[in-house]
Every structure is written in C-alpha cells, then in structure tokens.
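Accompanying notes for the structure given below.
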Amino acid sequence: MYCDAHIHLGQCAEIFGAQEIYAGLEKEEELMLCSCAHSSDDFAKQKAAAKILSEQRNAFVVESYGFHPQNPDLCDSEFMCELLETGQISAIGESGFDFFTPEFKSQKQQQILAWEFSVKKALEYGVPLIIHDRKALDILFSYTRELSSLRSVVFHSFAFGVREASSLLSRGINSYFSFGSGIFRGNKKNISCVAELPADRILFETDAPFQTQRGEKYSKACAIKNVYETAASIRKCSLQEIQYVTEKNFCSAYNISRA
C-alpha cells in the first residue's frame with residue numbers, strides 16, 4: 001500500500017483527468033491519500049475525483065479543506081464550517097504561514113487571521129490540522145499550547161531539520177512530518193529527517209500537481225512510488241517495511257480506524 005499524505009485531487013483531475021491521476025501505478029495497488037481543497041469549486045472537483053478513485057481503484061480518500069497561506073482569504077469560512085458540520089471533510093488544511101517571498105510576507109496579518117480561524121475549528125471539531133510552513137517556524141512555536149491540544153498535526157512538505165522536528169515533538173505536539181520529491185532531489189534536510197526521525201512520525205506525499213522536478217510543468221501522483229523507494233533506501237529497510245509503518249502512521253495522523 002502507498003499512502004499519499006498530501007495531494008490536490010481537484011487540480012490533478014483538471015490537468016490529467018480523474019481516471020488518470022495515479023496512472024503509472026498498478027490498478028491493484030492499494031492507496032490511501034489525503035486531498036486538500038481551497039475553494040468551493042476546488043472542493044467540488046476534489047469530491048468528484050475522490051469518488052472516481054474510490055470506485056475505480058482500491059483507494060481510500062481523506063478529504064480536507066483549508067485556507068492556503070499564499071491566498072489567506074476567509075471569504076469561504078462559512079463554507080468550511082458547513083463541510084465540518086456535515087462531516088464532508090475529516091481534516092483542515094493546508095493552513096499556516098508562507099514568508100518565502102516579499103509578496104507572501106506582506107500578507108502576514110491575513111495569514112494570522114486565517115491560521116487562527118483554522119486552529120480554532122480544528123480544536124472545535126477534533127480534526128487533524130495540515131500545516132504549510134515556509135520561513136515562519138518561529139510563529140508556529142508561539143502557538144504551542146493550541147497545537148499541543150490538537151488531535152494531530154501533519155507538517156506537509158516539512159522544510160526544516162531534525163532539530164526543529166524534535167523540538168515540536170518535545171513540546172507535546174502530536175506531530176507527523178511528510179516528505180516528497182525533495183528526498184530524491186537531494187534536499188539534505190529532508191534526507192536527514194527521513195533517516196533520523198522516529199519511524200512512527202514519518203509520512204510521504206506527492207503534493208501533485210505542484211511538487212515539480214526540473215523540466216516538469218506539473219508533478220504526477222505516481223511519483224509516490226519513487227518517494228517510497230527512495231525513503232526505503234535512506235532508512236536502509238525494505239519497501240514492505242516502510243509501507244507497513246507509514247500505513248499505521250497515516251491512519252493515526254488522520255484518525256482512521258482500519259478493520
């Protein structure tokens with residue numbers, strides 16, 4: 001089984017077609033994935049794609065909705081509350097902070113408002129929170145009390161090192177750290193984290209269609225196989241071992257009961 005802890009099914013369906021999202025993986029291959037949407041239109045596409053994947057592949061889809069820090073607009077806050085109230089989503093995110101460019105950093109106050117709303121709702125509904133954070137880990141640490149009260153926190157495409165991850169765990173935050181193509185593109189921090197963090201805290205993702213390699217316009221979800229194979233090599237274990245561990249981690253992070 002491959003667990004893709006972070007993907008955008010709505011955009012993938014629009015680009016590749018819903019039936020082709022995981023083209024390149026055997027149809028018999030079991031999948032678990034978490035998909036994030038960031039607008040009502042995006043969510044509708046995500047929901048439709050999730051239905052097709054569930055029907056045509058052996059796929060279990062966790063659906064999430066959030067306010068991306070690159071567009072921290074709370075105009076759809078009522079829509080998100082409706083999704084939570086009706087049980088149409090099982091997680092919130094991705095949400096967080098992105099100060100990677102001056103333009104993004106100029107939206108700091110809007111990002112804080114969107115973030116605090118997301119944390120509040122994750123606490124209220126007892127759902128996992130998926131975090132996007134670039135160049136703003138210090139702000140997250142200032143929310144330790146709130147984060148440590150959450151059911152779980154998934155750090156999508158974790159951009160920091162082993163020390164920072166260990167610090168989050170030591171503060172009582174039920175943290176999971178997700179890694180994607182950075183591990184086979186030579187990202188030293190990603191590789192160190194995959195090698196050294198406790199096995200029960202690691203997840204893998206594609207972030208398709210956005211986690212591109214050189215020469216790619218869009219990334220493909222079938223890259224999850226490459227991510228897993230690279231991770232197994234880094235941790236010096238078999239593919240089957242890492243699949244077993246990350247399935248347990250995925251279920252724990254996203255509060256899934258498997259018979």
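Points worth noting:
- Counting the residues of the stretch 68-79 that are surrounded by fewer than 22 Cβ atoms within 10 Å (Cβ to Cβ) and in contact with a strand residue (DSSP E or B) (Cβ under 9 Å, 6 or more places away or on another chain) gives 4.
- In a residue-by-residue description of the stretch 18-28, the property of being surrounded by fewer than 17 Cβ atoms within 10 Å (Cβ to Cβ), out of contact with any Ser or Thr (no Cβ under 6 Å at 6 or more places or on another chain) and closer than 20 Å to Val154 by Cβ applies to no position.
- Helices (runs of 4 or more DSSP H) fully within the stretch 1-107 that include at least 2 residues being of a type in the set (A, V, I, L, M, F, W, C) and either farther than 19 Å from Thr206 by Cβ or touching a helix residue (DSSP H, G or I) at 6+ places or on another chain (Cβ under 8 Å) (or both): 9-16, 40-56, 77-85.
- Within the stretch 236-259, residues that are at pLDDT below 95 sit with their Cβ atoms under 7 Å from residues that are assigned to a helix (DSSP H, G or I), at 6+ positions apart or across chains, in these pairs: Arg258/Cys251.
- Against the numbered list (1) under 26 Å from Gln111 (Cβ atoms); (2) touching a strand residue (DSSP E or B) at 6+ places or on another chain (Cβ under 6 Å); (3) not acidic (Asp, Glu), Ser167 comes up short only at (2).
- Tally, over the stretch 89-119, of residues that are exposed (fewer than 14 other Cβ atoms within 10 Å of the Cβ) and under 19 Å from the mean Cα position of the chain (by Cα): 1
- The set of residues in the stretch 159-188 being crowded, with 19+ Cβ neighbours inside 10 Å, β-branched (Val, Ile, Thr) and within 27 Å of Ser148 (Cα to Cα) consists of Ile173 alone.
- Subset of the stretch 200-259 that is under 16 Å from Tyr22 (Cβ atoms) and small (Gly, Ala, Ser) - its residue that is surrounded by the most Cβ atoms within 10 Å (Cβ to Cβ): Ala208
- All of (1) farther than 15 Å from Gln111 by Cα; (2) free of Cβ contacts under 8 Å to residues at least 40 places away in the same chain; (3) within 17 Å of the chain's Cα centre (by Cα) hold for Thr86 with one exception: (3).
- Put simply, of Met32, Met1 the only residue that is crowded, with 19+ Cβ neighbours inside 10 Å and either out of contact with any Cys (no Cβ under 6 Å at 6 or more places or on another chain) or under 24 Å from Ser178 (Cα atoms) (or both) is Met32.
The values are calculated or read from the model by the stated rules, or taken from the named source; none is laboratory data. Just so it is clear, the model here is predicted, and its values are computed rather than measured. Don't worry about glycine lacking a Cβ; one is built from the backbone with ideal geometry, like all the others, and counts go over all protein chains shown.
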